[in-house]
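The values are calculated or read from the model by the stated rules, or taken from the named source; none is laboratory data. As the structure is a prediction and not an experimental result, all values here were calculated from the model. Every residue, glycine among them, receives a Cβ derived from its backbone with ideal geometry; neighbour counts consider all protein chains shown. The area values use the complete protein model at the heavy-atom level, side chains included, leaving out ligands, DNA and RNA. Shrake-Rupley method; radii C 1.70, N 1.55, O 1.52, S 1.80 Å.
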Amino acid sequence: GAGVSQSPRYKVAKRGQDVALRCDPISGHVSLFWYQQALGQGPEFLTYFQNEAQLDKSGLPSDRFFAERPEGSVSTLKIQRTQQEDSAVYLCASSSTAGDTQYFGPGTRLTVL
Amino acid sequence: AQTVTQSQPEMSVQEAETVTLSCTYDTSESDYYLFWYKQPPSRQMILVIRQEAYKQQNATENRFSVNFQKAAKSFSLKISDSQLGDAAMYFCAYTDYKLSFGAGTTVTVRA
């Protein structure tokens with residue numbers, strides 16, 4: 001595809017609901033990253049995939065957060081039992097290799113009521 | 001962990017003038033990359049410019065240029081001939097593989 005796409009663009013969830021956020025990286029990009037961006041702040045790293053392998057999940061804030069990339073392309077970030085503090089924009093980025101320039105999707109704005 | 005510091009929360013510039021955004025970082029690595037990203041209100045993060053640490057020459061992309069001082073761990077961005085479309089939040093970022101971002105600088109352009 002022409003760029004990284006994410007869906008949905010906006011998600012409103014009631015506290016306690018589970019949500020799933022999708023990322024379609026640039027075709028052929030091996031590396032995929034998830035970031036969390038609170039309002040008015042810089043993005044914070046969540047997790048990193050190289051193909052289907054999750055090589056770094058050190059940024060996931062709790063065990064309610066889970067990410068997968070089963071076929072090495074599309075990735076899903078799942079948040080279970082959402083809390084108000086999970087409200088943020090979730091950004092996905094991909095790069096041709098680790099350390100190379102990362103290209104970002106438009107993000108998913110999650111609001112937990 | 002690497003830290004990236006942007007000490008200017010906001011900067012204002014007159015259209016057609018020049019503005020410089022500051023960034024410092026901390027790392028023990030010798031080989032890494034530095035980036036400036038732009039995030040307009042639509043929130044799409046866009047790459048502005050990239051610098052490889054092993055290159056002494058400062059990167060330039062049209063009206064955007066950097067002043068990379070490796071020993072001082074400083075990486076400033078200069079926007080020349082500022083345009084209204086340059087208004088955005090600008091983030092400095094460091095990477096070994098994952099990006100570490102600064103807090104951002106909001107740039108406003110006065111017509």
Please go through segment A:33-48 and give me each residue that is more than 9 Å from the chain's Cα centre (by Cα) and either among the aliphatic types (A, V, I, L, M) or away from chain B (no Cβ under 11 Å) (or both), ordered by number. A:Ala38, A:Leu39
Sole exception among (1) within 14 Å of chain A (Cβ to nearest Cβ); (2) basic (Lys, Arg); (3) more than 12 Å from the chain's Cα centre (by Cα) for B:Lys55, by number: (1)
Could you list, in sequence order, the residues of segment B:58-76 that are over 13 Å from the mean Cα position of the chain (by Cα) and small (Gly, Ala, Ser)? B:Ala71, B:Ala72
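Residues are listed down the side, and each one gets a yes or a no for (1) in contact with a Ser or Thr (Cβ under 6 Å, 6 or more places away or on another chain); (2) in contact (Cβ under 8 Å) with a residue 24 or more places away in the chain; (3) open to solvent by 50 Å² or more (accessible area, probe 1.4 Å):
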| position | (1), (2), (3) |
| --- | --- |
| B:Thr5 | yes, yes, yes |
| B:Pro41 | no, yes, yes |
| B:Ala72 | no, yes, yes |
| B:Leu77 | no, yes, no |
Determine whether segment B:97-104 contains at least one residue that is at pLDDT 95 or above and either touching an Asp or Glu at 6+ places or on another chain (Cβ under 7 Å) or aromatic (Phe, Trp, Tyr) (or both). yes
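So how many residues does segment B:85-110 have that are within 30 Å of A:Gln50 (Cβ to Cβ) and more than 14 Å from chain A (Cβ to nearest Cβ)?
So in segment B:85-110, the residues within 30 Å of A:Gln50 (Cβ to Cβ) come out as B:89-104.
Then keep just the ones that are more than 14 Å from chain A (Cβ to nearest Cβ); that gives none.
Number satisfying all stated conditions: 0.
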Quick test for you: out of B:Val48, B:Val13, pick the one residue that is more than 14 Å from every other protein chain (Cβ to nearest Cβ), within 15 Å of B:Thr106 (Cα to Cα) and either of a type in the set (Asp, Glu) or in contact (Cβ under 8 Å) with a residue 12 or more places away in the chain (or both). B:Val13
Can you tell me how many residues in segment B:12-27 are closer than 13 Å to B:Ala103 by Cβ and either open to solvent by less than 60 Å² (accessible area, probe 1.4 Å) or more than 17 Å from the chain's Cα centre (by Cα) (or both)? 4
Considering only segment A:65-113, state which residues are more than 9 Å from chain B (Cβ to nearest Cβ), buried (at least 16 other Cβ atoms within 10 Å of the Cβ) and basic (Lys, Arg). A:Arg69
Output for segment A:95-110, where each listed residue is closer than 16 Å to B:Leu34 by Cα and of a type in the set (Val, Ile, Thr): A:Thr97, A:Thr101
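In segment B:51-63, how many residues are open to solvent by less than 30 Å² (accessible area, probe 1.4 Å) and in a strand (DSSP E or B)?
Residues of segment B:51-63 open to solvent by less than 30 Å² (accessible area, probe 1.4 Å): B:51-53, B:59.
Then drop every residue that is not in a strand (DSSP E or B), which leaves B:51-52.
Looking only at that region, the number is 2.
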Hits in segment A:80-110 - residues which are of a type in the set (A, V, I, L, M) and within 12 Å of A:Gly3 (Cα to Cα): A:Ala93
Test: residue in segment A:90-112 that is free of Cβ contacts under 8 Å to residues at least 24 places away in the same chain, over 19 Å from A:Pro8 (Cα atoms) and part of a loop (DSSP other than H, G, I, E, B): yes
Just to check your reading of the model, which residue among B:Ser28, B:Ser82, B:Ser42 is within 14 Å of chain A (Cβ to nearest Cβ) and not in a strand (DSSP E or B)? B:Ser42
Can you name the residue in segment A:26-52 that is of a type in the set (A, V, I, L, M, F, W, C) and open to solvent by less than 40 Å² (accessible area, probe 1.4 Å) and, of all such residues, is nearest to B:Ala88 (Cα to Cα)? A:Ala38
Pairs returned, first residue in segment A:15-33 that is among the acidic types (Asp, Glu), second residue that is surrounded by fewer than 18 Cβ atoms within 10 Å (Cβ to Cβ), beta-carbon separation under 6 angstrom, 6 or more apart or interchain, are A:Asp18/A:Gln80; A:Asp24/A:Ser5; A:Asp24/A:Val74
